[in-house]
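Only one structure is covered here, and it is reproduced in the block below.
The values are calculated or read from the model by the stated rules, or taken from the named source; none is laboratory data. The model shown is predicted, which means the values in this text are computed figures rather than measured ones. Using ideal geometry, Cβ is built from the backbone for each residue, glycine included, and neighbour counts are taken over all protein chains shown. Accessible surface is based on the protein model in full, side chains and every heavy atom, while ligands, DNA and RNA are left aside. Shrake-Rupley method; radii C 1.70, N 1.55, O 1.52, S 1.80 Å.
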Amino acid sequence: MALWVRKKQIEYLKTQSNLTGTYDGSATRCPQSIYTFHVTDSHRRTFLIEGDESSTISHTGEHISSIHQRIIKEIGPERFIALLSDNTGNARKARELTVGVWQHIFNLQDAVHEQQLTILEITKLEEFEE
């Protein structure tokens, strides 16, 4: 069933333009390291394209970029306008490598993620303690 859903998502995305790719890394309690890759269309619909479990592999910018590039090639690079993520060293490097291949794709830092980090720091201020 999951393969069928992914196939239908890719078929749909191949008919769209102005797509944005996003990704983020996380860890489970096991611990397992997972990177999720999403594509958002111009109607603001977001599709989970892949969850890459690669706990045994170093999450270098090169590794993450290779996953971006595979997904972008599958859908069609001409359909994408932006790639964004948080600004950790490996995520930033991955964006740089990917947009270096397709220079029409904007390299964007995730502003909402940065805003969340700012709010988290603000809530640690003495004035907000109970």
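Tabulated values for the structure
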item	result
Enumeration of residues in the range 63-82 that are among the small types (Gly, Ala, Ser) and in contact with an Asp or Glu (Cβ under 9 Å, 6 or more places away or on another chain)	Ser65
Within the range 16-60, tally of residues that are assigned to a strand (DSSP E or B) and open to solvent by 40 Å² or more (accessible area, probe 1.4 Å)	10
Tally of residues being within 24 Å of Ile10 (Cβ to Cβ), open to solvent by 40 Å² or more (accessible area, probe 1.4 Å) and either among the hydrophobic types (A, V, I, L, M, F, W, C) or under 13 Å from the mean Cα position of the chain (by Cα) (or both) across the range 71-101	3
Verdict on Leu108 being at pLDDT below 95, open to solvent by 60 Å² or more (accessible area, probe 1.4 Å), closer than 17 Å to Thr40 by Cβ and not charged (D, E, K, R)	yes
Pairs where the first residue, in the range 91-118, is touching a residue at least 24 places away in the same chain (Cβ under 8 Å) and the second is of a type in the set (Phe, Trp, Tyr), C-beta under 6 Å, 6+ apart	Ile105/Phe80
Inter-residue pairs, beta-carbon under 7 Å, first closer than 17 Å to Leu48 by Cβ and touching a residue at least 40 places away in the same chain (Cβ under 8 Å) and in the range 67-87, second surrounded by 15 or more Cβ atoms within 10 Å (Cβ to Cβ) and among the basic types (Lys, Arg), 6+ apart	Leu83/Arg95; Ser85/Arg95
